[in-house]
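Here is the structure we will look at.
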Amino acid sequence: MLCLGVESTAHTFGCSIVDSTGKVLSDERDLYKAPEGSGIHPREASRHHMEVSTGLFRQSLQSAGVSMKDVGIVGYSAGPGLGPCLRVGAVVARTVAGFNKKPLVPVNHALGHLELGAMLTGASDPLVLLVSGGHTMILAFSHGRWRVFGETLDITAGQLLDQFGRALGFASPCGGRIEQLAVQSAGKYLQLPYIVKGNDVSFSGLLTAAIRLASGRAQVADTCYSLQETAFAMLAEAVERALSFTGKKEMMIVGGVAANKRLAQMLEAACSRQGAKLFVCPLKFAGDNGAQIAWTAIQEYQTTKKHVKMEKSFVQQSWRLDTVDVSWR
Ligand code: AMP
Ligand code: MG
């Protein structure tokens, strides 16, 4: 069976065709680019998604060499995310599914990151660090759901990097540029607040302090280096404690921030101390994409046949992953 997956929670509009073995036949995406120094504007991003949606939908079929007749189900990212952006994806998915009389499957976006990551890396029962623009969570699967073993108390790791970068006038998303600047630093660590509470992390004080440090401009590379060292050490500490507590022998990192090599290096060290193997989601699929939605929708539909009537299709801006039943694990 083939599934068309539609992703539109934030910056990315994506359409992808995936088959029931997990083969990604096409993965078309386009990113809304905010003006330099500003963040995502939900209305502008949704306008972008509207503009690119038809072309990307067509292209996803064409690249896969299929037509809608060959597609069995349509999955869409129903949340969590930005309302105006989510609604574009939902309308596209609902229209395509309704017109072609295909079952419509709503998917939790965070679950999409985890399921595609697990399929691509081959991790079977990992502790997961989900680090993206919308999430910073440590998760492990237990009794039918992904359970939270630590999370951010305020902003996410992606927001920390993006808000810091934007304060310096960088174009968002800024994680890649901050990583490049950090590499240019001679490794001079500037003191920054390190806040881990229980097994949760807090980044907002770190953000304020880092912006203050970098405002002199003279030490931008050292601040980027110190910001990464501090934030990633906080995450690595919480991950290591969760590994020790759960006894998991696999650790997987997914989400856009998983692209960062220094974070992977720190987690590798934590994993080797705990006798766990680290799986890093391939760079191409670390960020948001339609394939994560298509692959999750296929698994959901094949095990439960769960889908929604067109008039009952929904979007949910806040939708925690630990409220979602997962019956195929
Ligand atoms: P997502 O929400 O999963 O699409 O991830 C987007 C987030 O990943 C943004 O906050 C980016 O700044 C961040 N990101 C992308 N590349 C990197 C990188 N190399 N290092 C750190 N963060 C990154
Ligand atoms: Mg995401």
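Values quoted throughout were computed directly from the atomic coordinates according to the rules given, and no laboratory measurement underlies them. Fair warning: this is a prediction, and the values are worked out from it, not measured in the lab. Glycine also receives a Cβ, built like all others from the backbone with ideal geometry; neighbour counts cover every protein chain displayed.
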Just want the answer: with Cβ charges of +1 for Lys and Arg and -1 for Asp and Glu, which residue in His135, Gly175, Gln191 is farthest toward the dipole's positive end in the chain? His135
By the Kirkwood definition, with r running over pairs of different Cα atoms, the stretch 114-285 has a hydrodynamic radius in Å of 16.1
Test of understanding: in a Gaussian network model of the chain with alpha carbons linked when under 10 Å, which of Gly256, Gly198, Gly175 would top the mean-square fluctuation ranking? Gly198
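Can you check how the C-alpha radius of gyration of the stretch 239-329 compares to 2.2 N^0.38 Å, as a plain ratio?
Values: Rg = 16.6 Å, N = 91, 2.2 N^0.38 = 12.2 Å.
The value comes to 1.36.
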Size of the stretch 270-309 along its principal axes in angstrom, Cα-based, largest extent first? 49, 22, 12
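Under a Cβ-Cβ cut-off of 11 Å, what is the net charge of the residues other than Arg262 that fall near it, where Lys and Arg count +1 and Asp and Glu count -1? If you can, show how the numbers build up before the last one.
Values: positive: Lys261; negative: Glu179, Glu229, Glu268.
Once positives and negatives cancel, what remains is -2.
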Rounded to the nearest 20 debye, dipole of the stretch 114-285 from Cβ charges on Lys, Arg, Asp, Glu: 140
Before rounding to the nearest 500, sum -39500 (n - 2.57) across all DSSP H runs of length at least 4 in the chain and divide by the residue total; then give [θ] at 222 nm in deg cm²/dmol. -14500 deg cm²/dmol
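What ranking do 129-136, 51-58 get when scored by the average of other Cβ atoms within 10 Å per residue, highest first?
The peptides rank, most packed first, as 129-136, 51-58.
Computed FRET efficiency, Cβ-Cβ of Thr208 and Leu283, R0 30 Å: what is it to the nearest 0.05?
On the way: r = 30 Å, r/R0 = 1.01.
Step by step, r from the Cβ atoms, then E = 0.50.
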Among Asn289, Ser204, Gly83, which residue has its Cα positioned farthest towards the positive end of the charge dipole of the chain, with +1 placed on the Cβ of Lys and Arg, -1 on the Cβ of Asp and Glu, and the dipole taken about the Cα centre? Gly83
Ellipsoid semi-axes in whole angstrom, largest first, where each is sqrt(5λ) of the Cα gyration tensor of the chain: 34, 23, 16
Taking the Cα atoms of the stretch 1-64 alone, what are Rg (to one decimal) and Dmax (as a whole number) in Å? 13.1, 44
Under a point-charge model restricted to the Cβ atoms of Lys and Arg (+1) and Asp and Glu (-1), what is the dipole moment magnitude of the chain relative to its Cα centre, in debye to the nearest 20? 420
The relative contact order of the stretch 114-285, taking Cα pairs under 8 Å that sit 6 or more residues apart, comes to a percentage of 29
So which residue, out of Pro106, Pro126, Pro282, gets the largest mean-square fluctuation from a GNM of the chain using Cα contacts under 10 Å as springs? Pro282
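Please list the equivalent ellipsoid semi-axes of the stretch 104-158, computed as the square roots of five times the alpha-carbon gyration tensor eigenvalues, in descending order and whole angstrom.
Numbers: eigenvalues 66, 41, 28 Å².
That gives 18, 14, 12 Å for the three semi-axes.
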For the stretch 2-112, alpha-carbon Rg over 2.2 N^0.38 Å: 1.02
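Computed FRET efficiency, Cβ-Cβ of Ala171 and Arg273, R0 35 Å: what is it to the nearest 0.05?
Values: r = 37 Å, r/R0 = 1.07.
According to the calculation, E is roughly 0.40.
With a sphere of radius 15 Å drawn around the Cβ of Gly83, what net charge do the other residues whose Cβ falls strictly inside it have (Lys, Arg +1; Asp, Glu -1)?
Values: positive: Arg43, Arg47, Arg87; negative: Glu44.
So the surrounding residues net to +2.
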FRET efficiency, 1/(1 + (r/R0)^6) with R0 25 Å, evaluated for Asn199 and Thr303 via beta carbons: 0.20
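List the chymotrypsin sites (Phe, Trp or Tyr not before Pro) in the stretch 190-279 that DSSP assigns to loop (not H, G, I, E or B) and whose Cβ has at most 16 other Cβ atoms within 10 Å. Which are they?
On the way: sites: Tyr194, Phe203, Tyr225, Phe232, Phe245, Phe279; in loops: Tyr194, Phe203.
Sites meeting the loop and neighbour criteria: Tyr194.
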